[in-house]
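Inspection log for the structure reproduced underneath, given as structure tokens.
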Amino acid sequence: MTNPAAPPVLEVRDLVKHFKQVKAVDGLSFEVLAGTCFGLLGPNGAGKSTTIEICEGLLKPTAGTVRYRGEPLGPRYRERVGIQFQSTALQDHLTVIENLRFFSALYPVRRPIEELIALCRLEEFLDRDSKKLSGGQRQRLLLAIALVNDPELLFLDEPTTGLDPQARRNFWDLVTDIKAAGKTIVLTTHYMEEAQRLCDEIVIVDRGRIIARGAPGQLLAEHFNDSVLELPAAEAARLAAAGLCGVAQGDTVEIQTPDVNAAVAALLAQGVSLAQLRIRPRALEDLFIELTGRGLRE
């Protein structure tokens, strides 16, 4: 259990980063508390990747500070953090166990390899060439490598991109286990379901600034007081007669209503089939789209 009175593990204050004429980060401030999973979210080009690279110690800010346990980032910081990058080059022609031993040898303080194997569930493919791993297996190996120095703070940068749904959920279970062991996690992801499931607190960044911050449930309660009804798009023409407004979403139409019972009664009164009706609460993806828009970001 976290102690709200304890100093933050990571503290970011008034962070600014310029690239020539572009202000990628424009005055960000936030804290990451010990033992939590903190999500940094945003559309493409929002500044979250630049922010995370500064927090990892890979980029120097134009202005502002990042502190770890109250101290400026220094040489020892890299020994106390673990990073799973979006893409990590593994050593050619080495097996999984050989890669673990190679990366472990780079640190003076190491977690026992046997523990990493068990934690990341690597037992079945230890002797496999790392080039022959599936996407999920590779990500589990990269997670183990990020943990070789037994870090207190772990950065996971888009860790499940490209994984199938089953592999993604298996990876979520690993992250949950790691947090339960007392680690602090900073997560960047484009999967809103992932952030909603794993994160204790999120920050949504757009155009270099924070536009929302809080626990996922808290933010949803602040922004929405309704539910969403989903019907096949073929029923869209009949919604107006039922006094309902629908928004087309591909092959479905969405009805946003604070009174589900009344909306369902209106649909039945117009003879709309409810066989394929789906009712869902608001999700983090709804909030993300509402705050950042539906336009394509490059």
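The values are calculated or read from the model by the stated rules, or taken from the named source; none is laboratory data. These numbers come from a predicted model, not from an experiment. Here the Cβ is made from the backbone with ideal geometry for all residues, glycine too, and neighbour counts use every protein chain on show.
Some observations on this one:
- Filter pass, Ser104 being of a type outside the set (D, E, K, R), surrounded by 14 or more Cβ atoms within 10 Å (Cβ to Cβ) and either modelled with pLDDT of 95 or more or out of contact with any strand residue (DSSP E or B) (no Cβ under 8 Å at 6 or more places or on another chain) (or both): yes
- Candidates Phe19, Phe38 - the one that is under 24 Å from Arg197 (Cβ atoms), assigned by TED's automatic domain parsing to the domain that holds Arg140 and either crowded, with 16+ Cβ neighbours inside 10 Å or at pLDDT 90 or above (or both): Phe38
- Residue satisfying condition, being assigned to a helix (DSSP H, G or I) and either in contact (Cβ under 8 Å) with a residue 40 or more places away in the chain or not assigned by TED's automatic domain parsing to the domain that holds Gly45 (or both), within set Glu290, Glu254, Glu230: Glu290
- Selection over the stretch 161-213 of residues that are surrounded by fewer than 15 Cβ atoms within 10 Å (Cβ to Cβ), closer than 19 Å to Leu147 by Cα and of a type outside the set (Asp, Glu) gives a count of 4.
- Of residues in the stretch 156-187 being part of a strand (DSSP E or B) and either touching a helix residue (DSSP H, G or I) at 6+ places or on another chain (Cβ under 9 Å) or basic (Lys, Arg) (or both), the one farthest from Gly42 (Cα to Cα): Ile185
- If only residues of the stretch 265-282 that are in contact with a helix residue (DSSP H, G or I) (Cβ under 8 Å, 6 or more places away or on another chain) and in a helix (DSSP H, G or I) are counted, the one that is farthest from Ala240 (Cα to Cα) is Ala269.
- Neighbours by Cβ (under 9 Å, 6+ apart or cross-chain): first from the stretch 197-220, without any contact (Cβ under 8 Å) to a residue 40 or more places away in the chain and assigned by TED's automatic domain parsing to the domain that holds Leu187; second of a type in the set (A, V, I, L, M, F, W, C) and assigned to a loop (DSSP other than H, G, I, E, B): Ala215/Cys199
- Options Leu229, Leu244: the member that is in contact with a Gly (Cβ under 9 Å, 6 or more places away or on another chain), surrounded by 14 or more Cβ atoms within 10 Å (Cβ to Cβ) and within 15 Å of Leu277 (Cα to Cα): Leu229
- Those helices (runs of 4 or more DSSP H) of the stretch 18-107 in which at least 1 residues are touching a Ser or Thr at 6+ places or on another chain (Cβ under 8 Å), considering only elements entirely within it, cover 48-55, 96-104.
- Filter result (outside any helix (DSSP H, G or I) and under 30 Å from Phe30 (Cβ atoms)) within the stretch 207-227: Arg207, Gly208, Arg209, Ile210, Ile211, Ala212, Arg213, Gly214, Ala215, Phe224, Asn225, Asp226
- With respect to the conditions (1) surrounded by fewer than 18 Cβ atoms within 10 Å (Cβ to Cβ); (2) touching a strand residue (DSSP E or B) at 6+ places or on another chain (Cβ under 8 Å); (3) free of Cβ contacts under 8 Å to residues at least 60 places away in the same chain, Ile54 falls short on a single one, namely (1).
- Residues located in the stretch 131-158, provided they are closer than 16 Å to Arg121 by Cα and not aliphatic (A, V, I, L, M): Ser134, Gly135, Gly136, Gln137, Arg138, Gln139, Arg140
- Where a residue in the stretch 95-120 is farther than 20 Å from Arg78 by Cα and its partner, wherever it lies, is assigned to a helix (DSSP H, G or I) and aromatic (Phe, Trp, Tyr), with Cβ under 6 Å and at least six apart: Val96/Phe125
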